[in-house]
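Q: Let me begin by handing over the structure; questions about it come next.
The values are calculated or read from the model by the stated rules, or taken from the named source; none is laboratory data. Just so it is clear, the structure is predicted and the values come from calculations on it, not from any experiment. Glycine gets a Cβ as well: all are built from the backbone with ideal geometry, and neighbour counts include every protein chain shown.
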């Protein structure tokens, strides 16, 4: 069992707890692998790359956090889905800059690769729907 360090937990703003790998210990009442369902969206060759998992999980997480910020009155301007989408973009940008700032010089190449991966995922999703 790995615990989040106290300093890291304080930085993130949560109490010290267990990582998602320890969710089996939560018991039968815990929801089925929500994170597993989200991560299924990643194409196989990219599912081992941390930045792709950060992007996919971050989209859902930051969107839901955006709804919370909107509901608590911390959102200025747009509300509802547009507000949540704006927060998603803003929080994703902050997270990626902090964690992967050293990749900034490669951002044009990564944007092209990301677009290709997105098209591949859409194509696979389209094939699954027609069958």
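Q: Taking residue 101 and the conditions (1) assigned to a loop (DSSP other than H, G, I, E, B); (2) out of contact with any helix residue (DSSP H, G or I) (no Cβ under 6 Å at 6 or more places or on another chain), which numbered condition does it fall short on, given that it satisfies the others?
A: That leaves (1) as the condition not met.
Q: On the basis of being in contact with a helix residue (DSSP H, G or I) (Cβ under 6 Å, 6 or more places away or on another chain) and either assigned by TED's automatic domain parsing to the domain that holds residue 122 or at pLDDT 90 or above (or both), does residue 64 make the cut?
A: no
Q: I would also like to ask the following. Given the structure, is residue 43 assigned by TED's automatic domain parsing to the domain that holds residue 114 and under 22 Å from residue 123 (Cα atoms)?
A: In short, yes.
Q: Pull up segment 36-51, narrow it to residues that are modelled with pLDDT of 85 or more and closer than 15 Å to residue 118 by Cβ, then point me to the one that is nearest to the chain's Cα centre (by Cα). Walk me through how you get there before you give the answer.
A: Kept after step one, since they are modelled with pLDDT of 85 or more, are these residues of segment 36-51: 48-51.
Pick out the ones that are also closer than 15 Å to residue 118 by Cβ and you get 49, 51.
Details: 49: 13, 51: 10 Å.
Here the answer is 51.
Q: Anything in segment 112-130 that is over 16 Å from residue 56 (Cβ atoms) and at pLDDT 85 or above? List them, or say none. Explain how you work it out, then say what you get.
A: Pass one, segment 112-130, residues over 16 Å from residue 56 (Cβ atoms): 112, 123, 126-130.
Hit for segment 112-130 is 112, nothing else.
Q: While we're on this one: Out of all the residues in segment 91-113, which are under 22 Å from residue 66 (Cβ atoms) and without any contact (Cβ under 8 Å) to a residue 12 or more places away in the chain?
A: Selection gives 93, 94, 97, 98.
Q: Then there's this: Quick test of your reading of the structure: residue 79 fulfils all but one of (1) within 29 Å of residue 44 (Cα to Cα); (2) at pLDDT below 85; (3) touching a helix residue (DSSP H, G or I) at 6+ places or on another chain (Cβ under 9 Å). Name the failing condition by number.
A: Against the list (1) within 29 Å of residue 44 (Cα to Cα); (2) at pLDDT below 85; (3) touching a helix residue (DSSP H, G or I) at 6+ places or on another chain (Cβ under 9 Å), residue 79 comes up short only on (1).
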